[in-house]
Amino acid sequence: MSSLAVRKTAPAAGTTPGTVQGPPLRRRIALVPTLTLLLGALYCLLPVAWVVIAATKSGSELFSTFTFLPGTGFAENLSDLSAYRDGVYWQWMGNSALYAGVGALLSTAVSAISGYALAIYRFRGREAVFSVLMAGVLMPPVILAIPQYLLLAKADLADTYWSVLLPLVLSPYGVYLSRIYAAAAVPADVVEAGRMDGAGEWRIFTRIALPMMVPGLVTVFLFQFVAVWNNFLLPYIMLSDDEKFPITLGLFTLLEQGSNTPALYTLVITGALLAVLPLIALFLVIQRFWSLDLLSGAVKS
Amino acid sequence: MTSARRKSYGVKGAPYAFLLPATILFALFFALPIGYAIWLSLHKVQVKGLGLGSGARTEVWAGLENYADALSDSEFLDGALRVLAYGMIVVPVMLGLALVLALMLDSDKVRLAPFTRLAIFLPYAVPGVVAALLWGFLYLPDVSPFFFVLDRLGLPQPDLLDGGGLYVALSNIAVWGGTGFNMIVIYTSLRAIPTEVYEAAKLDGATPLQIALRIKIPMVAPSLVLTFFFSIIATLQVFSEPTTLKPLTNSVSTTWSPLMKVYVDAFGKGDIHGAAAGAVVIALATLVVSFGFLRAANSRNKRDVSQGAAR
């Protein structure tokens, strides 16, 4: 598909290096990166643009009108979706918000305290603990999810909210990021000054270090929120009661049924649009005071 | 120092107390399941009599029997080959695109960089299931704009949901979803390069392309290695995308990837011991491939460094 998008706009890109006489050298060079980036953006926005338009089409329009022509059925699709099985779709959305919100909050708390401990203190076994926790990153989710299910089933916790929440609380990547942020943001002499003033270690962490770590912790929260919101394998394995499904799993079951009844296609498409809006809105809002670069552990100087 | 000594007990105990939650969670949700999976993979169910009543089904030591079964299962091996082929497309294309786009973002006088950066990153916020679903519809000739255009132009319409086209279709979903995140990782390390490093090259009249190839790419090599490493791990575990495409086409079987096969074994057939062996094999294979790559990359780096030193 990407090659097609490239081909459509390729003539424009192809002509730019040829325009030798016109603009000065430096401006001419900047055209190639700009156009390449625009092509990349076009490729990435295309499916999103498609779903925005497709969601406005009624069932018959979906197959009869040109794909990028808006339809007339958005309100109807929305009410159909809300009416589907007594509003189970909104239940899924609520579940996803719960899993991702609570899960990311717990995960950020555990990451913050672990990252702080690993960054600030020198103690026997520090690097060993860090390495073992990091090894968790390398563990493929598959080798974890199935035995996690079997073990949780033994504890009567399978097919509960806990079964999707708890396995994701410890995030090795979150601990890693928190350690980097704590090392960069919390100076050792500030901690030492707190001790001089007679503050306990817990007090120093919560009152002094934690506020300093906030920008980094926002990143950990976002990262984990997205990871849980987008997770499919774990709820797919853990849950059988569809009242507890997150949105990813709910949409999947809707699509599975929809493959036999094309009337459900419009519901799937409208549901897919609504499922991506919260995260996109979150990123658009948050990027005003938060930089994407933080996601890869960049520390602002 | 003296005050730290005075409270040495609290200071000494604090890191252990602070690491307690992570340690407990690691033990419960990482170490224990892995141990259990390995234990399961080495056992099997023995049925006495008709298999009814308590005690009729007991778990007995199976040695490497489950592993032998998994490794001689042609469906499992075919799945491994399919995923390998898929990974050979996804990882180089995704990271190649991510590198090119990151270099473009980092170049002088580029326009619209904040907008394009956010747009290219956007798919990261789209769940894999939804991404597969969106592209799945775009692959359906009845609703896809591409097929509409091809039709109008009188060009042949490829079948993207069958045969070789399926690999392109699945790879495209992964590339679409993963390029933005990797681009940000590479771009971040590009920006960490001090500008003095290429000032001299610029004065010598090096073109942006030369600067990119000779200076920028070698300097971000560590983050390239890291993105490769994690992409390999993620790619070999592919599950949600083919599972989501399955309702749209008959050519994705329920056992298309080894991971899907493990799922069917565990929950379709109820053979948890065989499934555990399959999961362990996938995990080991993933680690062997990813660490093999890391080792190869490191030894190459070292060789480059020593060559540079010799010069």
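The values are calculated or read from the model by the stated rules, or taken from the named source; none is laboratory data. Quick caveat, the model's predicted, so the values are computed rather than measured. Using ideal geometry, Cβ is built from the backbone for each residue, glycine included, and neighbour counts are taken over all protein chains shown.
Below are the figures for this structure:
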| quantity | calculated |
| --- | --- |
| Qualifying residue in segment A:53-68 (condition: more than 12 Å from every other protein chain (Cβ to nearest Cβ), surrounded by 15 or more Cβ atoms within 10 Å (Cβ to Cβ) and not hydroxyl-bearing (Ser, Thr, Tyr)) | no |
| Evaluation of A:Thr253 against (1) part of a helix (DSSP H, G or I); (2) in contact (Cβ under 8 Å) with a residue 12 or more places away in the chain (one fails), failing number | (2) |
| Residue count for segment A:168-190, restricted to those that are facing another protein chain (nearest Cβ under 10 Å), aliphatic (A, V, I, L, M) and over 12 Å from A:Ala117 (Cα atoms) | 3 |
| Any hit, segment A:239-262, residues being out of contact with any helix residue (DSSP H, G or I) (no Cβ under 8 Å at 6 or more places or on another chain), surrounded by fewer than 23 Cβ atoms within 10 Å (Cβ to Cβ) and aliphatic (A, V, I, L, M) | no |
| Qualifying position, being crowded, with 20+ Cβ neighbours inside 10 Å and hydrophobic (A, V, I, L, M, F, W, C), among A:Leu105, A:Leu168 | A:Leu168 |
| Selected residue (only one of A:Ala97, A:Ala128 is away from chain B (no Cβ under 12 Å) and part of a helix (DSSP H, G or I)) | A:Ala97 |
| Residue count for segment B:235-257, restricted to those that are at the interface with another protein chain (Cβ under 9 Å from one of its Cβ atoms) and part of a helix (DSSP H, G or I) | 7 |
| Condition met for A:Val220 (assigned to a helix (DSSP H, G or I), buried (at least 23 other Cβ atoms within 10 Å of the Cβ) and not polar (S, T, N, Q)) | yes |
| Lone qualifier among B:Tyr16, B:Tyr9 - being over 29 Å from A:Val137 (Cα atoms), among the hydroxyl-bearing types (Ser, Thr, Tyr) and modelled with pLDDT under 95 | B:Tyr9 |
| Residue in segment A:245-268 that is farthest from B:Phe115 (Cα to Cα), counting only those that are within 20 Å of the chain's Cα centre (by Cα) and more than 7 Å from every other protein chain (Cβ to nearest Cβ) | A:Phe245 |
| All positions within segment B:226-263 that are surrounded by fewer than 20 Cβ atoms within 10 Å (Cβ to Cβ), under 17 Å from the mean Cα position of the chain (by Cα) and not aliphatic (A, V, I, L, M) | B:Phe228, B:Phe229, B:Phe230 |
| Within segment B:264-311, considering residues that are modelled with pLDDT of 80 or more and among the charged types (D, E, K, R), the one surrounded by the most Cβ atoms within 10 Å (Cβ to Cβ) | B:Asp265 |
| From the options B:Gly292, B:Gly270, residue that is at positive phi, more than 14 Å from the chain's Cα centre (by Cα) and free of Cβ contacts under 8 Å to residues at least 60 places away in the same chain | B:Gly270 |
| Tally, over segment B:72-114, of residues that are under 18 Å from B:Pro208 (Cβ atoms), assigned to a helix (DSSP H, G or I) and basic (Lys, Arg) | 0 |
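So that you can scan it fast, the table gives a plain yes or no per residue for (1) more than 7 Å from chain A (Cβ to nearest Cβ); (2) touching a residue at least 60 places away in the same chain (Cβ under 8 Å); (3) within 17 Å of the chain's Cα centre (by Cα):
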residue	(1), (2), (3)
B:Ala125	no, no, yes
B:Gly128	no, yes, yes
B:Leu134	no, no, no
B:Leu140	yes, yes, no
B:Phe146	no, no, no
B:Gln157	yes, no, no
B:Phe181	yes, yes, yes
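Conditions (1) within 30 Å of A:Ile269 (Cβ to Cβ); (2) modelled with pLDDT under 95; (3) out of contact with any Cys (no Cβ under 7 Å at 6 or more places or on another chain), marked per residue:
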site	(1), (2), (3)
A:Phe74	yes, yes, yes
A:Ala83	yes, yes, yes
A:Leu98	yes, no, yes
A:Ala109	no, no, yes
A:Tyr121	no, yes, yes
A:Glu127	no, yes, yes
